[in-house]
Amino acid sequence: MKKILVDNIIQGIHSGIVVLNHQGMVVYANNPAMKILGLEEQQLAGRRWSDLFLHMEENDDFNQVIIDVIVGEKLNLHREVSYVSPARQFFRLSVTTSFLREKKTVAGIIVQLDDITELWDLRRREQLVNAERQRLSLEMVNSMKKISLSVAHVILNPVASIGGFVRLMLKRIDEENPLRQYLEPIEECSGRLENIVKSFKEYADINAVNCKDTRLSTLIEGVRPKIEEIARTLGKEIRCHIDIGDHVTAYIDPALFMMALDEIIMNSIESIEDGPGDIDITVNKTMFGIIVEIRDTGRGIDNRHIQCAFDPFFTTKTSNNGMGLFKVKKIITEHLGTITIEHREVVGTRVTIHLPLGDLAI
Ligand SMILES: Nc1ncnc2c1ncn2[C@@H]1O[C@H](COP(=O)(O)OP(=O)(O)OP(=O)(O)O)[C@@H](O)[C@H]1O
Ligand SMILES: [Mg+2]
């Protein structure tokens, strides 16, 4: 009864189960295992693993798992490998091996095969889409760089002349002169144009050329005194909380990354209008990369503005240029990362930066 029960359970599960004896001979294989391996019971039973599979070079990784258990006596191995069946069907398998024990002696090896081809395919397609998105982003950033340089080059001289002459004229006429009402707006507008040209030049100059392993806790702690200083100047009460593991490092250009953080933090400070506010910065390292989050308790970002927040000249403020997040996006793209902005559930805004692990950044 017990044997029938175990047999039924093992045949009914999705995983393929193959049992090998000490000589590497197949002594048992359930139906899912035969389906995955593309071999019938009579082709498997009593045959050595080496005779069945070792001649198939494309299955080297697959065979290595078994060799590691039989020869290397490595316990409980778990690996993801590719397998091509004799009918040339491709599988991506999750292979787990363990020893079959009878009392205290090892009676054989259990190989568990899980078909993860669909999941693997999805993951691969997602990676391809992400790579393409990244490529388009870089392309967009590069064309923007060219446009920025041309605009800055063409506008710089006329704007500097207008601003220079108007300032000169304002110096030469006295305070009561009625011409001031015309000249002052010209001075203000040319000042704004000069700022725009400056932003374009800064944008074109952004290049992550000095990337190095950087301890994020040391770098990001540097924003605390800046926040305190700006808040004091603006007469705002802002508390800053930073939560970063001591040893989290990222391969970044520290000066550029700081420039991006400064812009994001400035937006947070500007969004905290009345009463005290908080700015929280957290960094987490996951197997997919490094996540830097900047959260504030300011007025929050309107859903309609999220799409255009990273566009040049998009601003909801009266005296800003709307170039901050445009530059930030370029800096993060230069590091092969991504950035998003969203309204937080209760109050304020969250900016999330994803950076790749290792020295993938350029
Ligand atoms: N933390 C935030 N809270 C609320 N809104 C934000 C926040 N960060 C950005 N925004 C919105 O996104 C817009 C674009 O931001 P961006 O930094 O590019 O420009 P700006 O701050 O308006 O101008 P500049 O940065 O050139 O001084 C802002 O005008 C604002 O509407
Ligand atoms: Mg800004």
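The values are calculated or read from the model by the stated rules, or taken from the named source; none is laboratory data. Computed from a predicted model, the values in this text were never measured in an experiment. Ideal geometry is used to build each Cβ from the backbone, glycine not excepted, and the neighbour counts take in all protein chains shown.
Here are the numbers for the structure shown:
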quantity: Residues of the range 50-63 that turn out to be under 35 Å from the mean Cα position of the chain (by Cα) and surrounded by fewer than 16 Cβ atoms within 10 Å (Cβ to Cβ), as a count; calculated: 3
quantity: Residue match in the range 153-175 (condition: of a type in the set (Gly, Ala, Ser), part of a helix (DSSP H, G or I) and closer than 30 Å to residue 208 by Cα); calculated: yes
quantity: Filtered residue count, the range 252-276, keeping only those that are in contact with a helix residue (DSSP H, G or I) (Cβ under 9 Å, 6 or more places away or on another chain) and either hydrophobic (A, V, I, L, M, F, W, C) or within 16 Å of ligand 2 (Cβ to nearest atom) (or both); calculated: 17
quantity: Residue list for the range 287-331, filter: in contact with a Lys or Arg (Cβ under 6 Å, 6 or more places away or on another chain) and in a loop (DSSP other than H, G, I, E, B); calculated: 310
quantity: Where a residue in the range 297-313 is at positive phi and its partner, wherever it lies, is in a helix (DSSP H, G or I) and more than 12 Å from ligand 2 (Cβ to nearest atom), with Cβ under 9 Å and at least six apart; calculated: 313/196
quantity: Test: residue 235 is within 12 Å of ligand 2 (Cβ to nearest atom) and of a type in the set (Gly, Ala, Ser); calculated: no
quantity: Test result for residue 280, of a type outside the set (Gly, Ala, Ser) and at pLDDT below 95; calculated: no
quantity: Residue pairs meeting the criteria (Cβ under 6 Å; at least 6 apart or on separate chains; first within 16 Å of ligand 2 (Cβ to nearest atom), in the range 197-208; second modelled with pLDDT under 85); calculated: 200/148; 200/151; 200/152; 203/148
quantity: Leading residue by the ranking (modelled with the lowest pLDDT) among those in the range 70-105 that are β-branched (Val, Ile, Thr) and surrounded by 14 or more Cβ atoms within 10 Å (Cβ to Cβ); calculated: 70
quantity: Residue count for the range 308-355, restricted to those that are more than 10 Å from ligand 2 (Cβ to nearest atom), of a type in the set (Gly, Ala, Ser) and either at pLDDT below 90 or within 20 Å of the chain's Cα centre (by Cα) (or both); calculated: 2
quantity: Close pairs from the range 167-180: first more than 19 Å from residue 192 (Cβ to Cβ), partner among the basic types (Lys, Arg), Cβ under 8 Å, at least 6 apart; calculated: 173/180
quantity: Criterion: touching a residue at least 40 places away in the same chain (Cβ under 8 Å), surrounded by 14 or more Cβ atoms within 10 Å (Cβ to Cβ) and not hydroxyl-bearing (Ser, Thr, Tyr) - qualifying residue of 155, 67, 162, 116; calculated: 155
quantity: Residues being surrounded by fewer than 18 Cβ atoms within 10 Å (Cβ to Cβ), in a strand (DSSP E or B) and not acidic (Asp, Glu) - total across the range 332-349; calculated: 2
quantity: Qualifying residue in the range 296-307 (condition: touching a helix residue (DSSP H, G or I) at 6+ places or on another chain (Cβ under 7 Å) and of a type in the set (A, V, I, L, M, F, W, C)); calculated: no
quantity: Considering residues of the range 282-303 that are among the basic types (Lys, Arg) and either closer than 21 Å to residue 262 by Cβ or near ligand 1 (Cβ under 10 Å from one of its atoms) (or both) only, the residue surrounded by the most Cβ atoms within 10 Å (Cβ to Cβ); calculated: 295
